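The values are calculated or read from the model by the stated rules, or taken from the named source; none is laboratory data. Everything numeric in this text was worked out from a predicted model, so none of it was measured. Cβ sites come from the backbone with ideal geometry, for glycine too, and all protein chains shown count toward neighbours. Surface areas here come from the heavy atoms of the whole protein model, side chains and all, with no ligands, DNA or RNA. Shrake-Rupley method; radii C 1.70, N 1.55, O 1.52, S 1.80 Å.
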Amino acid sequence: MSDMSEFCTELMHWLDGGRSPWHTVAMAEQALTAQGFTPLELGAPFAVKRGGRYFVSSGTFLAAITVGARDVFRIAASHTDWPCMRIKPQPELVSGGCCRLSVEPYGGAILNTWLDRPLGLAGVALVRTDDPMRPARRLVAWDEPLAIIPNVAIHLNREVNKGVPTKPNVDMLPLCRTVQDAWEKKGYLVGKLAERLGAAAEDILSFELCAYCHEPAQLVGFEQDLLSSARLDNLTSVHACLRGLLDADGDTINLAVLYDNEEIGSNTRRGADSSTLTVILEKLADALGLSRAQYLDACVNGMLLSCDAAHAVHPNHPELADVTCGALLGRGVALKRSPRYSSDADTCAMISGLCGAANIPLQTYMNRADLPGGGTVGSMASSLLAMPAADIGVPILAMHSARELMAAADQDAFVRLCTAFYSAK
């Protein structure tokens, strides 16, 4: 791969900037605003018109909308969260001359991949205002690595290469500084937050911080055709959904939906197993003058793309993949079929037809029968809307590791498929 494609360059920007779900949504808001999208308030009337471009966001959830002339909903959905370490309130612990931060693993992380890596902190702080019910939300991140989780030396842990259990409350506590005997640990992190935000420490009412892999996205390999990065699952899909929406020229009502909390089951107000998207669609329909029956028809006659990373065949462990339906790096988008996914024969035929017409490389992924894969937002969101759906995504290796791996060229196919989906007549 002599030259990096436009889509790959953009993706690497998203991967490096999306240091927390909060930052991912902020990036999306900025990109959409630059393209003429107008913000709508979820708790206020929607002032929308045909041909308009809008977005609705609530911190870690976002729905971007283009309103075409035809009353049919086309939705591509992804998620903004990823397995990581979440910092607890009052997290400071002192041991061995160091300050550690108490954490709780979020989602199904491969814990030992987080060891010995520089970690950053990013997220949001809620700051006191004159109205107790309306604190100010402030994004916060540091540009430098702030913490690290050291391994135990092999001389003291000689069974480590045979696979040693990792205890989150013991082994996964990041070190953030050395300390002296007289050092006061209480309030240290809140003080650092206040310093970063230019606020008083007593005005920091709460925070939500992710410890994230601080290493940047990188192309690797002699041909520079592999992309190694944190957060491929699922910022690859965030980028493809949004870029596909921007590039499309269809006449339907199109939405790119970025859910939160997929990695912990989606059963939250910002997750796919909620009524948030239904509320947005109903308010859109009402603002456009659609009747209840017309709104329901727009759902049933529409379609959902559930966009999430797929398991690639592991070159060192091909026996873990299905013999006939394994997804390979560099062979394009994976169309996922399994009782765990939302795809059915009808929607698979549609995706195959779109890819065939636009010469987009497509492959079929199915779980090995005795190794069920992870879930996606597809089945939940499509069932709430009574909408046909299909699950797609780029194949990756090391899913849920601190760093994951994909073929750089596959993002091009992913974006082109999302664009073709939104543009289909």
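Given the criteria at pLDDT 95 or above, closer than 24 Å to M399 by Cβ and more than 21 Å from the chain's Cα centre (by Cα), does D130 qualify?
Working: at pLDDT 95 or above: yes; closer than 24 Å to M399 by Cβ: no; more than 21 Å from the chain's Cα centre (by Cα): yes.
The answer is no for D130.
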Only one of (1) modelled with pLDDT of 95 or more; (2) more than 22 Å from the chain's Cα centre (by Cα) does not apply to D322, and that is (1)
Hey, can you tell me all the residues within the stretch 160-190 that are open to solvent by less than 80 Å² (accessible area, probe 1.4 Å) and over 25 Å from Y212 (Cβ atoms)? G163, W183
Pull out all pairs, ordered by first then second residue, where Cβ-Cβ is under 6 Å, the residues are six or more apart or on different chains, the first lies in the stretch 357-370 and is under 16 Å from D412 (Cα atoms), and the second is open to solvent by less than 50 Å² (accessible area, probe 1.4 Å) and in a helix (DSSP H, G or I). A358/A420; I360/A413; I360/L417; P361/A413; L362/C355
I'm checking my understanding of the structure. Among residues of the stretch 63-82 that are not charged (D, E, K, R) and not in a strand (DSSP E or B), which one is nearest to T268 (Cα to Cα)? T80
Output the number of the condition that I392 fails; it satisfies all remaining conditions of (1) in a helix (DSSP H, G or I); (2) at pLDDT 95 or above; (3) under 21 Å from T252 (Cβ atoms). (1)
Is it the case, given these coordinates, that R70 is under 26 Å from V160 (Cβ atoms) and of a type in the set (K, R)? no
Of all residues in the stretch 376-402, count the ones that are in contact with a helix residue (DSSP H, G or I) (Cβ under 8 Å, 6 or more places away or on another chain) and either more than 27 Å from L11 (Cα to Cα) or hydrophobic (A, V, I, L, M, F, W, C) (or both). 15
Listed by first then second residue, the pairs whose first member lies in the stretch 71-97 and is open to solvent by 50 Å² or more (accessible area, probe 1.4 Å), whose partner is among the hydroxyl-bearing types (S, T, Y), with beta carbons under 6 Å and at least 6 positions apart or on separate chains, are K88/S102; L93/S102
Quick one: is A402 modelled with pLDDT of 95 or more, touching a strand residue (DSSP E or B) at 6+ places or on another chain (Cβ under 6 Å) and open to solvent by 20 Å² or more (accessible area, probe 1.4 Å)? no
Looking only at residues that are within 23 Å of the chain's Cα centre (by Cα) and open to solvent by less than 50 Å² (accessible area, probe 1.4 Å) in the stretch 200-213, which one is farthest from I148 (Cα to Cα)? F207
Determine the pairs where a residue that is more than 19 Å from V56 (Cα to Cα), located within the stretch 275-304, has a partner that is charged (D, E, K, R) and assigned to a helix (DSSP H, G or I) with Cβ atoms under 6 Å apart, the partner being 6 or more residues away or on another chain. none
Give all pairs with beta carbons closer than 6 Å in which a residue from the stretch 190-210 that is closer than 12 Å to R128 by Cβ meets a residue that is assigned to a strand (DSSP E or B) and open to solvent by 50 Å² or more (accessible area, probe 1.4 Å); count only pairs at least 6 apart in sequence or on separate chains. L197/R138
Contact list, first residue from the stretch 170-185 and within 17 Å of C84 (Cα to Cα) and part of a strand (DSSP E or B), second anywhere and modelled with pLDDT of 95 or more and of a type in the set (A, V, I, L, M), beta-carbon distance below 6 Å, six or more apart or interchain, is L175/I148; C176/L101; C176/L146; C176/A147
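Tally time: how many residues in the stretch 116-141 are in contact (Cβ under 8 Å) with a residue 40 or more places away in the chain and out of contact with any Lys or Arg (no Cβ under 7 Å at 6 or more places or on another chain)?
Initially, the stretch 116-141 is screened for residues in contact (Cβ under 8 Å) with a residue 40 or more places away in the chain, giving 117-128, 135, 137-141.
Checking which are out of contact with any Lys or Arg (no Cβ under 7 Å at 6 or more places or on another chain) leaves us with 117-119, 121, 123, 128, 137-139.
So the count comes out to 9.
Would a scan of the stretch 344-359 turn up a residue that is open to solvent by less than 20 Å² (accessible area, probe 1.4 Å) and small (G, A, S)? Full working, then the answer.
To start, the set of residues in the stretch 344-359 that are open to solvent by less than 20 Å² (accessible area, probe 1.4 Å) comprises 347-348, 351, 355.
Pick out the ones that are also small (G, A, S) and you get none.
Scanning the stretch 344-359, I find no residue that is open to solvent by less than 20 Å² (accessible area, probe 1.4 Å) and small (G, A, S), so the answer is no.
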Pairs with Cβ under 9 Å, 6+ apart, first in the stretch 318-332 and within 26 Å of Q224 (Cα to Cα), second of a type in the set (K, R) and surrounded by fewer than 16 Cβ atoms within 10 Å (Cβ to Cβ): A321/R368; G326/R368
